[in-house]
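Just dropping this structure here.
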Amino acid sequence: MMVKISEPKSFFYKGGPKAVLLLHSFTSNTVDMKKLGGYLNRENYTCYAPLYKGHGYSAEHLMTTAPKDWWESAEEGYNFLINEGYQDIAVIGVSLGGLLALKVGQEKHVTGIVTMSVPYKTEISSLKKRVLNYANYVKLLQGKEKLQISEELDKLEAISTNNLLEFKECIDLIMGNLAQLNQPISILYGLRDDPLYKDSANYIYSKVSSSHKNITGYADSKHLMTLGPDKDKIHSDILTFLEQLEW
């Protein structure tokens with residue numbers, strides 16, 4: 001049976017003069033950030049979450065885009081807030097969004113940074129598995145037969161390597177520039193996620209130049225921390241961090 005998939009969109013929750021750019025994860029969409037955005041907006045923060053180019057649709061469509069396109073979407077999100085008149089902007093991201101948040105901090109004026117589930121290194125095989133799992137999930141929702149899905153996944157695997165190689169290079173570049181970051185930063189990870197992400201959090205913490213920095217692991221969180229069982233505590237901790245910033 002074919003299931004109708006609702007079209008993902010960017011969202012803008014207008015609040016007070018303090019603005020937050022919310023950046024979602026790889027192969028996902030802005031639903032990653034809706035609950036956090038709603039929570040912060042109720043605390044009078046203005047929140048904007050851009051949908052990255054290529055995301056929110058099929059994996060084949062995703063693989064027509066590359067890391068430079070996803071960065072461009074994040075940059076456009078930052079510029080959207082600037083053009084709306086917000087001068088004080090913090091950036092929060094999960095997974096790929098956390099990587100992009102670090103890059104925003106390296107290239108733009110931001111008040112503070114929050115990262116969640118950020119990889120400091122990755123393998124092409126791991127990225128490919130993520131894309132193929134996402135593709136399989138969408139194709140099942142579309143009601144496709146297993147044989148057709150298998151054939152389409154084989155084709156997708158063949159076309160995805162170059163973009164995923166660029167993604168790995170993008171991670172290496174961002175991690176190589178961590179010393180440029182001197183803004184306040186809060187680095188979060190889930191203890192039920194792959195141990196790589198704890199290692200990554202410690203690596204980022206050790207490399208940034210920020211004097212105001214903290215690192216926190218959450219006992220019941222897997223990779224998508226913003227929608228997991230610790231989300232209320234994570235929301236509260238992020239709010240505490242934002243309220244300590246010099247806006």
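The values are calculated or read from the model by the stated rules, or taken from the named source; none is laboratory data. Every value quoted in this text rests on a predicted model; they were computed, and no experiment measured them. For neighbour counting, all protein chains shown are included, and Cβ atoms are generated from backbone atoms with ideal geometry for every residue, glycine included. Calculation scope for accessible area: heavy atoms of the full protein, side chains included, ligands and nucleic acids excluded. Shrake-Rupley method; radii C 1.70, N 1.55, O 1.52, S 1.80 Å.
Give Asn214, Asn177, Asn163 a once-over and let me know the one that is farther than 20 Å from Lys34 by Cβ, surrounded by 14 or more Cβ atoms within 10 Å (Cβ to Cβ) and touching a helix residue (DSSP H, G or I) at 6+ places or on another chain (Cβ under 6 Å).
It is Asn177.
Got a number for residues in the stretch 65-88 being in contact with a strand residue (DSSP E or B) (Cβ under 6 Å, 6 or more places away or on another chain), of a type in the set (Gly, Ala, Ser) and under 16 Å from Tyr13 (Cβ atoms)?
Result for the stretch 65-88: 1.
Among the residues of the stretch 185-211, what is the count of those that are open to solvent by 30 Å² or more (accessible area, probe 1.4 Å) and in a loop (DSSP other than H, G, I, E, B)?
6
For the condition closer than 25 Å to Asn133 by Cα and among the hydrophobic types (A, V, I, L, M, F, W, C), what is the one hit in Leu36, Leu40, Leu81, Leu22?
None of the other options fit; the residue is Leu22.
Let me ask something else about it. Filtering the stretch 97-125 down to residues that are farther than 25 Å from Gln87 by Cβ and over 17 Å from the mean Cα position of the chain (by Cα), which residue is most open to solvent (accessible area, probe 1.4 Å)?
Glu123
Which of the residues belonging to the stretch 19-31 are of a type in the set (Val, Ile, Thr) and either open to solvent by less than 10 Å² (accessible area, probe 1.4 Å) or not in a loop (DSSP other than H, G, I, E, B) (or both)?
If the condition is that a residue be of a type in the set (Val, Ile, Thr) and either open to solvent by less than 10 Å² (accessible area, probe 1.4 Å) or not in a loop (DSSP other than H, G, I, E, B) (or both), then Val20, Thr30, Val31 are the ones that fit.
Per-residue answers, yes or no, for (1) farther than 20 Å from Gly228 by Cα; (2) modelled with pLDDT under 95; (3) among the small types (Gly, Ala, Ser); (4) not in a helix (DSSP H, G or I):
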position: Met2; (1), (2), (3), (4): yes, yes, no, yes
position: Met33; (1), (2), (3), (4): no, no, no, no
position: Leu36; (1), (2), (3), (4): no, no, no, no
position: Tyr52; (1), (2), (3), (4): yes, no, no, yes
position: Tyr57; (1), (2), (3), (4): yes, yes, no, yes
position: Glu75; (1), (2), (3), (4): yes, no, no, no
position: Tyr78; (1), (2), (3), (4): yes, no, no, no
position: Leu81; (1), (2), (3), (4): yes, no, no, no
